[in-house]
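The values are calculated or read from the model by the stated rules, or taken from the named source; none is laboratory data. Everything numeric in this text was worked out from a predicted model, so none of it was measured. For neighbour counting, all protein chains shown are included, and Cβ atoms are generated from backbone atoms with ideal geometry for every residue, glycine included. Accessible surface is based on the protein model in full, side chains and every heavy atom, while ligands, DNA and RNA are left aside. Shrake-Rupley method; radii C 1.70, N 1.55, O 1.52, S 1.80 Å.
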Amino acid sequence: SGLLEDLGLHTFLPPEHISRVYFEYMIRYKTENFGLPTDMFIEALQAEGCTVEHPRYPLLHQQPIFTEGLFNKIARLTDNDVEKMPVYKADALPITEKANTELIKLPVFPNAERDLLEQYAFAFKKVIENADEIAEALKTKKQTANIN
């Protein structure tokens, strides 16, 4: 986390008095800080051998239990109560949804050697330092693929 923080990524470091436990290891990547869209950043890191991807779960308000109204049945709400409940649409929280596009999931690394962690940090540094060239190369690659 410290190595990635030094590169300008946000790793959600806890305060000193808290010991963090990881279910999934998420970091925040802000495109405006690095100039490479998140999808391209992930693709470039994968090309460097990193296991990285977007978060795997939909946001809470996008879960079928809310979008399909199943929470009304589970909560055993009356028809009058259901009318008072908010309608959850998949695109109802644009700020939350934008923030979610900035998240990148990495392995949790429960027993990783320091060498592996440093290799990941090196790959991140390499991609960040070459963001402009990578963006251009990936755009050209996609344009070529669309032509063919």
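Observations
Each row is one residue, and each column tells you yes or no for (1) free of Cβ contacts under 8 Å to residues at least 12 places away in the same chain; (2) surrounded by 11 or more Cβ atoms within 10 Å (Cβ to Cβ).
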| site | (1), (2) |
| --- | --- |
| Q46 | yes, yes |
| C50 | no, yes |
| E53 | no, yes |
| T67 | no, yes |
| R76 | yes, no |
| D79 | yes, no |
| K84 | yes, no |
| L93 | no, yes |
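- Taken over segment 77-100, residues that are part of a helix (DSSP H, G or I) and within 26 Å of T31 (Cα to Cα) amount to 7.
- As a summary of the residue check, P110 satisfies the conditions (1) touching a helix residue (DSSP H, G or I) at 6+ places or on another chain (Cβ under 6 Å); (2) closer than 27 Å to P58 by Cα except for the one numbered (1).
- For segment 1-29, the tally of residues that are under 15 Å from the mean Cα position of the chain (by Cα), in a helix (DSSP H, G or I) and loosely packed, with under 11 Cβ neighbours inside 10 Å stands at 0.
- Of the residues screened, E32 is not one that is open to solvent by 40 Å² or more (accessible area, probe 1.4 Å), without any contact (Cβ under 8 Å) to a residue 12 or more places away in the chain and assigned to a loop (DSSP other than H, G, I, E, B).
- Residues in segment 35-73 that are in a helix (DSSP H, G or I) and not hydrophobic (A, V, I, L, M, F, W, C): T38, D39, E43, Q46, H61, Q62, P64, T67, N72, K73.
- Lone qualifier among A123, A137, A145 - being assigned to a helix (DSSP H, G or I) and modelled with pLDDT of 90 or more: A123
- Segment 95-114, residues that are modelled with pLDDT under 95 and either open to solvent by 80 Å² or more (accessible area, probe 1.4 Å) or of a type in the set (D, E, K, R) (or both): I95, E97, K98, E102, P110, N111, E113, R114
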